[in-house]
Amino acid sequence: MALEDLRLFGLDDTRAFGEAVARALGVALARHEERDFEDGEHKTRPLENVRGKDVFVVQALYGEPGRTVNDKLVKLLFFLGCLKDAGAGRLTAAIPYLAYARKDRKTQTRDPVTTRYVAALVEAVGTDRVLALDVHNPAAFQNAFRCGTDHLEARPLFARHAAQLIGAEDAAVVSPDTGGAKRAEALRATLGQLLGRPVANAFAEKYRARGEVTGELLVGDVKGRVALIVDDLISTGGTILRAARACRNAGAKAVHALATHGLFMGGAAEMFAEPALAQVIVTNSVPPLNVDRAALGSKLAVLDVAPLFADAIRRSHTGGSLVELLEP
């Protein structure tokens, strides 16, 4: 399929990221119209013909002042439905940050499974495929959706950045809890491949119940090593902060945190002020709206994943494989 058969929309809430994807893809964003009514309702429609086209819609689902996660989700759903009604041949939701992915199973009696509920809503408006980046639990994401799914990872990007940080030093990849052990192990293997030498692993003890986090132990050897704490997202930074202190107490030479989605809510300022943490590395799947990036200087690094999305969209459109995107 030629690129002229592709239509790429970037909703206003994620306009800058959508434009970056379009530049990397070598196409112009398709034109659309958005209106907000006085009572809070939304109207969004395409201003170009989409009949029979391969249509992609970029929208990240994070909250920000004046626009909640729910606002953005509803706008995305209604626009996807509108495109389907307008005759889109294939419809893909490209979601850099997928909200409501943390509750993917019942951990307490009568818990909601919001990942599945969001999946049902996305499918109900006629979406054929969902393209998402580093969701909280990839297996739960794939199982929740009945439509097609593609799961992108920032791991190769993080591994290349970490390799430059580490240089000739010994390193250890640390999961801040046992639930993220697979994610940490994948980064450890990729980083070891890039460095051409073994990289140690470790994980921190963590228990969460009714919003309270406990656990102090660190399992694994980080002494004299550069410790890389890896997670899918940073909200208040409490989990990263606990793991960073545990690593320094265990003798780590330096500690860096890597997380795909930097939400930076509430107590994130305490995390950035922590001397045990040398640097926080995130992607631009969520813009760092809640921190003063200039004031943080080198304490915060933001890696660009727009080219990754562009490559995935190109491969999806032309029938190529996305597996190669997982290679460093």
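The values are calculated or read from the model by the stated rules, or taken from the named source; none is laboratory data. Since we're looking at a predicted model, the values are computed, not measured. No Cβ is skipped: glycine too gets one built from the backbone with ideal geometry, and neighbour counts run over all protein chains shown.
Odds and ends about this structure:
- Some residue of the range 46-56 being at positive phi, exposed (fewer than 10 other Cβ atoms within 10 Å of the Cβ) and of a type outside the set (Ser, Thr, Tyr): no
- Taking the range 296-321 as the range and being at pLDDT below 95, exposed (fewer than 15 other Cβ atoms within 10 Å of the Cβ) and within 23 Å of ASP231 (Cβ to Cβ) as the test, the residues that pass are GLY297, SER298.
- Of the numbered criteria (1) in a helix (DSSP H, G or I); (2) in contact with a strand residue (DSSP E or B) (Cβ under 8 Å, 6 or more places away or on another chain), the one VAL174 fails is (1).
- Meets criteria (within 20 Å of the chain's Cα centre (by Cα), crowded, with 24+ Cβ neighbours inside 10 Å, at pLDDT 95 or above and not in a strand (DSSP E or B)) for ILE240: no
- Residues being assigned to a helix (DSSP H, G or I) and either in contact (Cβ under 8 Å) with a residue 60 or more places away in the chain or under 24 Å from VAL219 (Cα atoms) (or both) - total across the range 243-271: 8
- A single member of ALA162, ALA181 is of a type in the set (A, V, I, L, M), in the same structural domain as ALA257 (by TED's automatic domain parsing), part of a helix (DSSP H, G or I) and over 16 Å from ALA252 (Cβ atoms), and it is ALA181.
- Screening ALA257 on (1) surrounded by fewer than 22 Cβ atoms within 10 Å (Cβ to Cβ); (2) closer than 18 Å to LEU157 by Cα; (3) in contact with a Leu (Cβ under 7 Å, 6 or more places away or on another chain) shows it passes everything except condition (1).
- Flag for THR107 being at pLDDT below 95, hydroxyl-bearing (Ser, Thr, Tyr) and either part of a strand (DSSP E or B) or surrounded by fewer than 16 Cβ atoms within 10 Å (Cβ to Cβ) (or both): yes
- Only one entry in ALA30, ALA60, ALA93, ALA16 is within 21 Å of ALA312 (Cβ to Cβ), of a type in the set (A, V, I, L, M, F, W, C), in the same structural domain as ALA144 (by TED's automatic domain parsing) and surrounded by fewer than 16 Cβ atoms within 10 Å (Cβ to Cβ), namely ALA16.
- Filtered by the rule that a residue be under 20 Å from LEU73 (Cα atoms) and either assigned to a strand (DSSP E or B) or over 23 Å from the mean Cα position of the chain (by Cα) (or both), the range 1-29 gives LEU8, PHE9, GLY10.
Table: residues versus (1) touching a helix residue (DSSP H, G or I) at 6+ places or on another chain (Cβ under 7 Å); (2) under 23 Å from GLY10 (Cα atoms); (3) in a strand (DSSP E or B).
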| position | (1), (2), (3) |
| --- | --- |
| ALA119 | yes, yes, no |
| ALA132 | yes, yes, yes |
| ARG146 | yes, no, no |
| HIS151 | yes, yes, yes |
